[in-house]
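S.K.: Encoded as C-alpha cells, here's the structure I'll be asking about.
None of the figures in this text is laboratory data; all of them are computed from the coordinates on show. Model, not experiment: these values are computed from the prediction. Ideal geometry is used to build each Cβ from the backbone, glycine not excepted, and the neighbour counts take in all protein chains shown.
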Amino acid sequence: MKVPVVLLSLVLAGSLFSAVRTGAQDAAETKAAAKEKKWQGHVIRIDKEHSMIDIRGGSAPSTDPRKVAYDTSTEWTKLGKPAQMDEVKEGSFVIILGHVDGKGILHATRVDLRLPR
C-alpha cells in the first residue's frame with residue numbers, strides 16, 4: 001500500500017514541477033517581448049497631424065529612416081529634464097524609448113532631446 005502512495009506522490013510532484021517551470025519560461029518570454037527599445041537619431045520630419053516623427057537612426061549605430069509614433073502619454077525631456085514637444089525641431093538629435101509594433105513603428109513612451117552631435 002505504501003509503494004503506490006509514494007509513486008503517486010512522485011508523479012504529482014513531477015507534474016507540478018514541470019508546470020511551474022513552464023510558467024516561469026512563459027513569464028521570461030513575456031518580459032523579453034515587453035522590453036523597451038531605444039532608438040536614437042536626427043529628426044527628419046515631424047507630422048503633428050498624425051502624431052508621427054521620422055528619424056534617421058534607430059538602434060545604434062543604424063542610419064536607416066525610422067517612424068516613431070507619439071501620443072498624449074509620451075514624456076518629453078531635454079537633457080533628462082522636463083520639456084515640451086515643441087522644442088523638438090527638424091534636425092534635432094533625439095533618444096527615444098518605447099515599444100516597436102508589428103509594422104516596425106516605435107510607439108514612444110519617452111523622447112529626450114539631446115545636444116547636436
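S.K.: Enter the Cα centre distance for the pair region 68-82 and region 95-117, rounded to the nearest angstrom.
M.R.: Between the Cα centres of region 68-82 and region 95-117 lies a distance of 9 Å.
S.K.: What distance in nm separates the two pseudo spin-label positions at M52 and H99, each 7 Å out from Cα along the beta-carbon direction?
M.R.: Roughly 2.1 nm, to one decimal.
S.K.: Set the bar at 19 Å for Cα to Cα. Now go through K38/K78; K37/K89; K48/K89; K35/K78 and name every pair that lies beyond it.
M.R.: K37/K89; K35/K78
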